[in-house]
Amino acid sequence: MHASPTVNSPREASTRSSGSLRALFDRVRALDPGRRSKHGSESGQAIVEFALILPLLLILLLLILDFGRAINYWIDTTHLASEGARLAAVDKAPGGSLAEHIKSQADTEELRTGGSVGVKAPGLEVCVEYPEGRAVGQPVKVTVGAVYNWLPFIDSELGLTESTISGSATHRIERVTGAVTAECVE
């Protein structure tokens, strides 16, 4: 017959059970491959990995922001072209030249005048054309565009980071009074 160990007090029983738990935890820790390495300590590994990936994350963030600005400029050029085509269709030029008026309506100074890191000088180019002559019922086409520099911190002499953002609109001429003329303004 087997003799069972005698427990004299509750404190003795808890000491034995906690000792066996501690031994179990020590065995599990010894089996964890993350805790032991053949090449020594792994402290600082996360900061090195972060330092390696940080430039890529920053370029991605700047690209997303730059893309948003380019989309905003594209929407603005399309809106300006539509507004210009409507004014040309009714032969109305507020304040003199229609092309100059349209250029002055751009949302940002950068888009109006250019010369910044994002938009090349002279900024917007506005063209008013009458492709089939200037008579009621004929089309009038207004084109608004600017040369945009993608990621301006990447200086490319080859023009690889440049593209033209443009919008155009065509309307039918409703009346002819001579107030609007065909022109291109930079």
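A few remarks follow.
- Approximate shape of segment 71-185 as ellipsoid semi-axes (Cα gyration tensor, √5λ), whole Å, largest first: 29, 13, 10
- Val117 paired with Val136, simple spin-label distance in nm, labels 7 Å along Cα-to-beta-carbon: 5.4 nm
- If the chain linking Thr170 and Leu57 were pulled fully straight, counting 0.36 nm for each residue of separation and taking away their Cα-Cα distance, it would gain 36.5 nm.
- Cα-only Debye scattering, segment 85-143: base-10 log of I(q)/I(0) at q = 0.17, 0.25, 0.27, 0.30 Å⁻¹: -0.61, -0.98, -1.06, -1.19
- Proximal charge balance of Asp91 [Cβ under 10 Å; K/R count +1, D/E count -1]: +2
- Amide H contacts under 5 Å for Val90, placed H, 5+ residues apart: Glu174
- Mean Cβ neighbour count within 10 Å, used as a protection proxy, ranking 60-71, 91-102 highest first: 91-102, 60-71
- Here each label is just a point 7 Å from Cα along the line to Cβ, and for Leu24 and Glu42 those points are 2.6 nm apart.
The numbers here are math on the coordinates, done by the rules we state, and not lab data. Just so it is clear, the structure is predicted and the values come from calculations on it, not from any experiment. Cβ: placed from backbone, ideal geometry, glycine included. Neighbour counts: every protein chain shown.
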